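So the structure is just underneath, and the comments pick up after that.
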Amino acid sequence: MLSLPDFPVRQRDFLLEISRAITAQLDLEEVLRRVLHASVVMTAARVGVVALRDAAELFTVRAYTGVQKEQIPILNNKLQELIGAADGGFNVEFLNAKLREMAETIDPSLVQFVAMPLIFAEKPLGLLIVFRSYQVRVTVNDVQILQSFADQAAIAVRNAQLYEGMKQEQQRLEAILQYSGDGVMILDATLSVLQVNRAFEFMTAWRAADIEGLLHDEVIVWQNDTRFDLANALEGVKPARGEAPPPTLYVEGDIQRRDGGTLSVGITYAPIFHRDGRLMTVIANLRDITNFRKAQEMQNVFISTVSHELRTPVAIIKGYASTLNREDAQWNPDVIRQSLSVIEDEADRLTELIDDLLTASKIQAEQGVRLQLADVHLDVLAQRAVERFAPQTNRHRFTLSFQENFPSIQGDAKLLRQVVDNLLTNAIKYSPNGGTITVGGRYTDHSVTFFVRDEGTGISESEQARIFDRFYRVDNNLTSKTKGTGLGLYLVKAIIEAHHGEINVKSQPSQGSTFYFTLPRD
Ligand code: ADP
């Protein structure tokens, strides 16, 4: 025990040392060790323990002196029984009983103990306990000394918790940033790049290491006629003092990639200002809008094609109907019959077109096709289709080529009929010079294959990859002269895939085409 005059001086020295350790941001264990050392020396104790509450709110020993390492788990068990007592404020008797048990565990010669809670903002963070091997009166002084050290320890623990919390938050933000599907670029007040994420690297072909420190305008280079000056735009949204946060800025266009390519993007800039109106940082969020643009383009092509396609039969119907309806004319029955049959044909075409459109939009809305399954005989379906189509053309010859005993399959008869009709319509449309159209089928134990072969214009390999896309039509002289919406093969493919089948084409320019699909037999 120190002699009395030294006491306040020593205590002050210890406190200074501990607070230095705290401000020097030494790790928590080191601060706790110093707190414990000071407490034990100042109270002339033999054993000291600091226990803290962990994330699960359990007390565990985090620093100790005068205790064997093997005894720590036993002490932890005893400490854990203290939780209930600590939550409702410390119950002195219960606490004393537990502390006595702890003292006995450590060393039966320990006969006295003083415990001090570590409290910060009224929250119990832990306990500081010293044990003595002799009985003396616990003085007010003892309590005050321990209290002063416990307060310091509580500050250190609180700091460590805040630091840990901050570190976790930072890791979380970093993960959000890095794994975001959108490209993210963080700029400082001078609009230099501070950081970019992986998606940004991928989208722009820039490497993060090459980009940091560059100016925004050196990295984001707009192509074509996009005129956007970030610095100017930010001036425009600068908030007046006390005003709500500024709106984000959005720009859309093509940017130049590092590798020379271009990319269609939409960039949202979110500026963050200091309270005094100075710019602090800008977070730019890049989204690849290539697909969106493509879809928009397709939509436009679609609307113009569809309106054209709808208008033609309507104009023909209107023309024939108003001619027949003229009051000043008398038509002989042949002319009337011919005109009516044209009207009927055109009405059929309209219905077909509208059916295709409806099916396409249904497939899109339902993300697939719903099937009404029944036994379907593809060979019979093919024969009926040929019977319907043959009278419509005198340039083409039709032949059927089905392997004997062609099996039926489970499928949606109405939809499969639409498939066969579409393939036959195309075979006729895209072989303007006529030729033979063969419809046939083969089968194995597991599947059936159905094909439609023509001797028409054929399709180049690069186009073959795209003809099944929605609204896609090959851009050539023949297509521009033939009617179509580019929906036929898209529907065919969707229907075949809904049947768990596969559709393909074999073709070469001016060598004809064979469209074939395979369906499972069960
Ligand atoms: P559409 O016939 O309405 O244009 P499709 O989706 O049925 O639409 O076909 C897409 C494109 O594929 C057609 O524009 C055409 O260029 C090409 N195509 C389809 N079938 C054939 C075929 N049998 N021979 C040659 N080209 C074809």
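Taking 0.36 nm per intervening residue step and subtracting the Cα-Cα distance, what contour gain separates residue 190 from residue 414 on full extension? Spell out each step's value before the answer.
On the way: separation 224, 0.36 × 224 = 80.64 nm, distance 6.49 nm.
Taking 0.36 nm per residue and subtracting the Cα distance, the gain is 74.1 nm.
Compare 516, 179, 163, 64 by solvent-accessible area with a 1.4 Å probe and give them largest first, with all protein chains kept in place.
Values: 516 60, 179 160, 163 130, 64 85 Å².
So, going from the largest accessible area down, we get 179, 163, 64, 516.
Once amide H atoms are placed 1.01 Å from N in the peptide plane, what residues at a sequence separation of 5 or more from residue 180, or on another chain, have their amide H within under 5 Å of its amide H?
Amide H neighbours of residue 180, under 5 Å, 5+ apart: none.
Over the heavy atoms of residue 489, what accessible area does a 1.4 Å probe trace out, to the nearest 10 Å²?
20
Would you mind checking the tilt of helix 92-106 against the longest principal axis of the Cα atoms of the chain, expressed as 0 to 90 degrees and rounded to 10?
For 92-106 against the chain, the angle is about 80 degrees.
Rank these residues by their accessible area, most exposed first, probe 1.4 Å: 57, 122. Each step should come with its number before you reach the end.
Numbers: 57 95, 122 170 Å².
Putting 57, 122 in descending order of accessible area: 122, 57.
Based on the Cβ-Cβ distance of residue 478 and residue 371, what FRET efficiency does E = 1/(1 + (r/R0)^6) give at R0 = 35 Å, to the nearest 0.05? Before the final figure, lay out each step's value.
Working: r = 34 Å, r/R0 = 0.97.
The value I calculate is 0.55.
Mind checking the full-extension length gain between residue 508 and residue 72? Use 0.36 nm per residue of separation minus the Cα-Cα distance, one decimal, nm. Write out the running numbers ahead of the final one.
Values: separation 436, 0.36 × 436 = 156.96 nm, distance 8.16 nm.
Using 0.36 nm per residue and subtracting the Cα-Cα distance, I get 148.8 nm.
What distance in nm separates the simple spin-label points at residue 134 and residue 147, each placed 7 Å from Cα in the Cβ direction?
2.6
How much of residue 344 can a 1.4 Å solvent probe reach, expressed as accessible area in Å² and rounded to 10?
Taking all protein chains as shown, residue 344 has close to 120 Å².
Using the Cα gyration tensor of region 7-175, with a ≥ b ≥ c the square roots of its eigenvalues, what is the shape: rounded (a/c below 1.5), prolate (a/b larger than b/c) or oblate (neither)? The partial results should precede the final answer.
On the way: a/c = 1.85, a/b = 1.30, b/c = 1.42.
Because a/c hits 1.5 or more and a/b fails to exceed b/c, region 7-175 counts as oblate.
Quick one: accessible area per residue over the chain, 1.4 Å probe, rounded to a whole number of Å²? Kindly include the intermediate steps, with their values, before the conclusion.
Values: 29640 Å² over 522 residues.
Counting only protein heavy atoms, the per-residue value for the chain is 57 Å².
For the pair residue 235 and residue 315, how long in nm is the line joining their label points, each one 7 Å along Cα→Cβ?
Result: 5.4 nm between the two label points.
Just to verify a number: FRET efficiency for residue 400 and residue 498, C-beta to C-beta distance, R0 = 25 Å, to 0.05? Write out the running numbers ahead of the final one.
Details: r = 26 Å, r/R0 = 1.02.
According to the calculation, E is roughly 0.45.
Mind jotting down the distance between the C-alpha centroids of region 392-434 and region 457-522, whole Å?
Region 457-522 and region 392-434 have Cα centres separated by 14 Å.
With an 8 Å cut-off on Cα pairs and a minimum separation of 6 or more residues, tell me the relative contact order of the chain in percent. Don't skip to the end; give the middle numbers.
Working: 798 pairs, mean separation 39.7, N = 522.
Normalised by residue count, the contact order of the chain is 8 percent.
What is the angle, in °, between the Cα long axis of helix 28-42 and the longest principal axis of the Cα atoms in the chain? Nearest 10 is fine, range 0 to 90.
Around 10 degrees separate the two axes.
Rounded to the nearest Å, what's the spacing between the alpha carbon centres of region 215-262 and region 345-387? Just the number, please.
Rounded to whole Å, the Cα centres lie 49 Å apart.
Determine which lysines satisfy two conditions relative to residue 78: a Cα distance under 22 Å, and not lying fewer than 8 residues away in the same chain.
Candidates past the 8-residue exclusion: 69, 98, 123.
Once the Cβ-Cβ distance between residue 100 and residue 30 is put in as r, and R0 is 25 Å, what FRET efficiency do you end up with, to the nearest 0.05? Mind dumping the intermediate values first?
Working: r = 30 Å, r/R0 = 1.21.
Result of the calculation: an efficiency of 0.25.
When we measure straight from the Cα of residue 481, which lysines land under 19 angstrom away, once same-chain ones fewer than 8 places off are left out?
Correct list for residue 481: 429.
Under the rule of -39500 (n - 2.57) per DSSP H run of 4 or more residues, summed and divided by the residues of the chain, what mean residue ellipticity at 222 nm is obtained, to the nearest 500 deg cm²/dmol?
After summing the helix terms and dividing by the residues of the chain, the value is -15000 deg cm²/dmol.
Treat each spin label as a single point 7 Å out from the Cα along the C-beta direction, and report the residue 361 to residue 278 distance in nm.
Calculated label separation equals 5.7 nm.
Using +1 at the Cβ of each Lys and Arg and -1 at the Cβ of each Asp and Glu in the chain, identify which of 418, 112, 236 lies farthest towards the dipole's positive end.
The Cα lying farthest towards the positive end belongs to 112.
In degrees, nearest 10, range 0 to 90: what is the angle between the Cα axis of helix 378-389 and the longest Cα principal axis of the chain?
Approximately 50 degrees, to the nearest ten.
Treating only the Cβ of Lys, Arg, Asp and Glu as charged (+1, +1, -1, -1), what charge dipole size does the chain show about its Cα centre? Round to the nearest 20 debye.
Details: 54 positive and 66 negative charges, 72 e Å.
For this selection, approximately 340 debye.
Per-residue HN-Hα couplings for region 446-455, Karplus 6.51 cos²θ - 1.76 cosθ + 1.60 at θ = phi - 60°, whole Hz, x for Gly and Pro?
9, 8, 10, 10, 10, 9, 10, 10, 10, 10
Taking a cut-off of 18 Å between Cα atoms, list the lysines near residue 414, but don't count ones fewer than 8 places away on the same chain.
The qualifying lysines are 362, 493.
Using a 1.4 angstrom probe and counting only protein chains, how large is the accessible area of residue 151 in Å², to 10?
Counting only protein heavy atoms, residue 151 exposes about 70 Å² to solvent.
Within the chain, what percent of beta bridges assigned by DSSP are antiparallel, to the nearest 5? Please report the intermediate quantities before stating the final value.
Working: 70 of 77 bridges.
The antiparallel fraction comes to roughly 90 percent.
Considering only protein heavy atoms and a 1.4 Å probe, what is the carbon-and-sulfur percentage of the accessible area of the chain?
Numbers: 14990 of 29640 Å².
Here carbon and sulfur together make up 51 percent of the probe-accessible area.
Give me the extension gain from residue 158 to residue 16: residue separation times 0.36 nm, minus the current Cα-Cα distance, reported in nm with one decimal.
Working: separation 142, 0.36 × 142 = 51.12 nm, distance 1.83 nm.
Extra length from residue 158 to residue 16 when fully extended: 49.3 nm.
Can you compute 3J(HN,Hα) from phi for each residue in region 430-441, using the Karplus curve 6.51 cos²θ - 1.76 cosθ + 1.60 with θ = phi - 60°, rounded to whole Hz and x for Gly and Pro?
So the Karplus estimates, Gly and Pro as x, are 9, 10, x, 8, x, x, 8, 10, 9, 10, x, x Hz.
Ignoring ligands, DNA and RNA, how do 137, 473, 207, 46 rank by accessible area with a 1.4 Å probe, largest first?
On the way: 137 190, 473 60, 207 140, 46 105 Å².
In descending accessible area the options line up as 137, 207, 46, 473.
Please name which of 202, 295, 507 has its Cα lying farthest along the dipole of the chain towards the positive end, using unit charges on Cβ (Lys, Arg +1; Asp, Glu -1) and the Cα centre as origin.
Working it through, the farthest residue towards the positive pole turns out to be 202.
Rounded to the nearest 20 Debye, what is the dipole magnitude of region 7-175 about its Cα centre when Lys and Arg each give +1 and Asp and Glu each give -1 at the C-beta? Mind showing how you got there, number by number?
On the way: 18 positive and 20 negative charges, 89 e Å.
Using only the charged Cβ atoms, the result is roughly 420 debye.
Report the relative contact order of region 223-287, percent, no decimals, based on alpha-carbon pairs under 8 angstrom and at least 6 residues apart. Working shown, then result.
Working: 95 pairs, mean separation 18.1, N = 65.
It comes to 28 percent, rounded to a whole number.
The values are calculated or read from the model by the stated rules, or taken from the named source; none is laboratory data. Only a predicted model underlies this, so the values are computations on that prediction, with no experimental measurement involved. A quick note on method: Cβ atoms are made from the backbone with ideal geometry, for glycine too, and the neighbour counts reach across all protein chains shown. Calculation scope for accessible area: heavy atoms of the full protein, side chains included, ligands and nucleic acids excluded. Shrake-Rupley method; radii C 1.70, N 1.55, O 1.52, S 1.80 Å.
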